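Let me begin by presenting the structure, written as structure tokens, before commenting on it.
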Amino acid sequence: MGKQLPSKKPSAIFPSSKKGKTRFLLKTNLTKKPVGQSSQTRLWQKVPYVRNGFVLRMDRMKWKRNLKDLLNADEDRMVNILTEDGFLPDWSKMKCPFCNASAVSPLQKRDGLPPRYRCRSKNCHKFILPHHLHPVFTSGKGSEGHSLAVQGCALLLRLAGVPLSSIHILLDMNHKAVERIEKSLAFARKAYVESHQKSMSFGFARGKKWMEVEADEAVFDKFLLPAEDSPARNRMMQWEQWLGMVARGKPSSLVLIRLPCVTTRKRAPGPGAIKKVHWTKIANTWLKGRNIILHTDSARSYKAKVAGVLHDSVVHQKKRVWKGGKWIWQPPTFVRLARHTLPDGRRLTLKAGTQVVDRAWRFIKDRLKINQNVK
């Protein structure tokens with residue numbers, strides 16, 4: 001006689017079936033999703049997180065250069081590679097940096113020395129190295145002097161996220177030279193951000209297009225204030241907090257704004273969310289009247305009304321709620337569906353969340369080590 005199948009619900013069966021026909025029928029017939037939940041799942045899959053732009057897949061990304069290309073290159077080939085990639089300038093198209101009057105000859109090599117340029121002026125005739133006045137690459141002698149190939153490999157490994165201690169071992173490179181490259185790279189990034197951020201903007205001043213922008217704040221440093229400098233007796237911990245805004249589908253649009261320093265008690269878990277007076281000033285400068293759909297966390301400051309900005313948020317912290325006659329913990333929400341009605345009557349269904357700007361914070365913190373040597 002065949003096995004009898006139960007007609008009860010799965011919650012009433014003890015012990016639960018783990019294999020066989022009973023498990024198969026219980027899984028297919030008694031645990032089907034409700035119609036509303038299935039339709040919600042289809043809508044979730046239909047709505048993309050990034051509507052415009054492109055999505056970066058790190059597992060499928062390829063760089064133009066790899067470590068194999070740089071290790072096998074001699075000094076001439078290395079100069080050509082770095083000049084082609086834009087890391088080194090072509091001095092033959094510029095004036096001499098010493099006399100600032102005459103043109104410079106093409107790249108030449110003589111007497112077994114590394115390739116170099118030369119000023120055409122008879123009163124100057126100075127040789128110019130390809131990496132002259134470069135912010136990262138240097139020329140030197142002794143234990144800290146390394147060829148362009150070794151310096152290029154160290155820079156490539158650092159951009160890939162390899163620790164400085166590992167670069168020192170892999171390339172047999174002086175640790176001070178590696179630290180100098182890291183410090184020079186940090187100053188170069190700082191100068192680039194400060195020069196390009198002034199001309200950046202979000203959204204569209206005219207038209208019917210709307211841009212999705214994510215905003216969030218992050219803490220990068222904290223330190224104790226001397227007793228005579230603290231604003232209050234029990235407020236001695238000062239925090240360095242930054243605000244980041246980035247448009248979805250456009251990673252190069254990241255904007256970083258340093259917030260005023262906040263002082264708290266010693267054992268405070270953090271400086272807290274951005275204050276409304278600071279956020280209102282920033283929003284009026286960057287977002288006002290620009291057709292922006294703003295995605296943030298649940299901080300109250302972001303709820304301030306700004307013209308031309310539609311706002312939604314997600315709760316990044318678990319909550320204790322009363323449900324079914326008992327207290328339960330509601331898990332945090334990182335992404336959810338949000339519906340907006342535009343001023344012209346159109347309706348948009350988007351995914352609210354701060355995944356892009358959170359990924360930017362992780363990228364920066366992985367490459368920025370805060371310690372006493374870099375402050």
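The values are calculated or read from the model by the stated rules, or taken from the named source; none is laboratory data. Everything numeric here is computed off the predicted structure, so don't read it as measured data. Ideal geometry is used to build each Cβ from the backbone, glycine not excepted, and the neighbour counts take in all protein chains shown. What goes into the accessible areas is simple: the full protein's heavy atoms, side chains included, and nothing from ligands, DNA or RNA. Shrake-Rupley method; radii C 1.70, N 1.55, O 1.52, S 1.80 Å.
If the limit is 30 Å between Cα atoms, which of Lys266/Lys288; Lys68/Lys222; Lys62/Lys208; Lys176/Lys222 go over it? Display every interim value, and only then the final one.
On the way: Lys266/Lys288 37 Å; Lys68/Lys222 41 Å; Lys62/Lys208 36 Å; Lys176/Lys222 27 Å.
Pairs exceeding 30 Å: Lys266/Lys288; Lys68/Lys222; Lys62/Lys208.
Once both labels are positioned 7 Å from their Cα atoms along Cα-to-Cβ, the gap between Asp76 and Arg367 label points is 3.4 nm. Contact order for the range 200-366, expressed relative to its length and based on alpha carbon pairs under 8 Å spaced 6+ residues apart, stands at 20 percent.
Counting only DSSP beta bridges with both residues in the range 200-366, the antiparallel share comes to about 75 percent.
Take the Cα gyration tensor of the chain, multiply each eigenvalue by 5, square-root it, and list the three semi-axes largest first, rounded to whole angstrom.
Working: eigenvalues 554, 179, 123 Å².
One finds semi-axes of 53, 30, 25 Å for the chain.
A probe of 1.4 angstrom, applied to the heavy atoms of all protein chains, finds Phe204 with accessible area near 70 square angstrom.
Per residue, how much accessible area does the range 157-287 have with a 1.4 Å probe, in Å²?
Numbers: 7790 Å² over 131 residues.
Per residue, the range 157-287 has an accessible area of 59 Å².
Suppose we take every Cα in the range 67-196 and form the convex hull; what volume per residue is that in Å³? Could the numbers behind the result be given before it?
Numbers: hull volume 16.8 nm³, N = 130.
Enclosed volume per residue, from the Cα hull, is 129 Å³.
Rounded to the nearest 5, what is the percent of antiparallel bridges among the DSSP beta bridges in the chain?
Working: 37 of 47 bridges.
The antiparallel fraction comes to roughly 80 percent.
In terms of accessible area, using a 1.4 Å probe and ignoring ligands and nucleic acids, Arg57, Arg180 rank largest first as Arg57, Arg180. Please grab the % of Cα pairs in the range 217-375 that end up more than 26 Å from each other. That tail contains 40 percent of the Cα-Cα pairs. In this calculation the C-beta distance from Arg267 to Val47 is compared with R0 = 41 Å, giving a FRET efficiency of 0.45.
Counting heavy atoms of the protein chains alone, Ile364 has an accessible area of about 40 Å² for a 1.4 Å probe.
Where the accessible area of the chain is counted over protein heavy atoms with a 1.4 Å probe, how much of it, in %, is carbon and sulfur?
Details: 13560 of 25270 Å².
Looking at the chain in its full context, I get 54 percent from C and S.
Taken over the range 155-304, the alpha-carbon convex hull comes to 167 cubic angstrom per residue. Of all complete DSSP H helices in the chain, not one has a Cα span along the helix axis of 24 Å or greater and a mean Kyte-Doolittle hydropathy of 1.0 or more.
The heavy atoms of Asp59 present about 110 square angstrom of accessible area, all protein chains included, probe 1.4 Å.
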